[in-house]
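Below you'll find the structure, written out as C-alpha cells, and then a few comments.
The values are calculated or read from the model by the stated rules, or taken from the named source; none is laboratory data. Remember, predicted model here, so these are calculated numbers, not experimental data. Neighbour counts run over all protein chains shown; Cβ positions are idealised from the backbone, glycine included.
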Amino acid sequence: MSDLPTNSLSKVLHGESATLAFAASMAPLLTSGGLIFLQGTLGAGKTAFSRGLIQAMGHQGPVKSPTYTLVEDYPLANTHVYHFDLYRLGDPEELEFMGIRDYIDGDSLCLIEWPDKGQGVLPAADLTIELQDLGESRRIILTAASSRAELWLQQLAANDADLQAFSSGGAD
C-alpha cells in the first residue's frame with residue numbers, strides 16, 4: 001500500500017457499523033489535533049463518522065449532532081475535540097462572532113460538517129472527508145491538504161488494504 005498516492009484515498013463502507021469502525025481506526029492518528037471537513041448529503045453518515053471517532057478517542061457518553069447548538073465540546077484525555085455542524089448557519093460571519101478562531105487555532109481536533117456554509121471565514125482543512133451515499137453502503141473519500149494529513153493517509157493505507165487511491169475524475 002505504500003505505493004499509493006496519498007493525496008486521496010477511498011473505501012466503500014457497508015452499513016453504519018463499518019462507518020463507525022473506520023472512524024475508530026483513525027482515532028489514534030488524530031490525537032495531535034487538526035481541522036477536518038466532513039462533506040456529504042443529509043444522511044450520508046457525517047455525524048455517524050464523528051460519533052465513531054469521538055467515542056474511539058475516549059468519550060463515554062452519547063455524541064449528538066450539533067445541528068442546533070452549532071458546536072459540541074468533548075474534552076478528552078489525549079486531545080480536545082470540537083464537533084461543528086454548520087448546516088443551519090445563516091451567514092459565515094456568525095463564525096467570527098462565536099470565536100471560531102479560538103477553537104481552530106490550537107492543538108484541538110475540529111470536525112466541521114457542512115464547511116461550505118463557513119466559506120470565506122474557515123481556513124483550509126488538513127483533511128476533507130466526503131461521504132457519498134450509495135444506498136446500502138457509502139463511499140468515503142479522504143483528501144489530504146496538508147503534510148499532517150498526508151501522513152495520516154499514509155498510516156491509514158499501511159493498516160487498511162481496502163483503501164484505494166482515488167482520482168477526482170471519479171475512478172478509483
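Laid out as a table, the results:
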| read-out | value |
| --- | --- |
| Residue within region 101-124 that is without any contact (Cβ under 8 Å) to a residue 40 or more places away in the chain, loosely packed, with under 14 Cβ neighbours inside 10 Å and either of a type in the set (F, W, Y) or under 18 Å from P28 (Cβ atoms) (or both) present | no |
| Restricting region 21-70 to residues that are part of a loop (DSSP other than H, G, I, E, B) and on the phi > 0 side of the Ramachandran plot, the residue that is surrounded by the fewest Cβ atoms within 10 Å (Cβ to Cβ) | G43 |
| Residue match in region 52-60 (condition: in contact with a strand residue (DSSP E or B) (Cβ under 9 Å, 6 or more places away or on another chain) and within 21 Å of E94 (Cβ to Cβ)) | no |
| Residue list for region 140-172, filter: assigned to a strand (DSSP E or B) and farther than 12 Å from Q39 by Cβ | A144, Q164, A165 |
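A quick yes/no check of all residues on (1) in contact with a Leu (Cβ under 8 Å, 6 or more places away or on another chain); (2) modelled with pLDDT of 95 or more; (3) within 18 Å of Q155 (Cα to Cα):
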{"site": "D3", "(1), (2), (3)": "no, no, yes"}
{"site": "F22", "(1), (2), (3)": "yes, yes, yes"}
{"site": "S25", "(1), (2), (3)": "yes, yes, yes"}
{"site": "S32", "(1), (2), (3)": "no, no, yes"}
{"site": "I36", "(1), (2), (3)": "yes, yes, yes"}
{"site": "Q39", "(1), (2), (3)": "yes, yes, no"}
{"site": "A44", "(1), (2), (3)": "yes, no, no"}
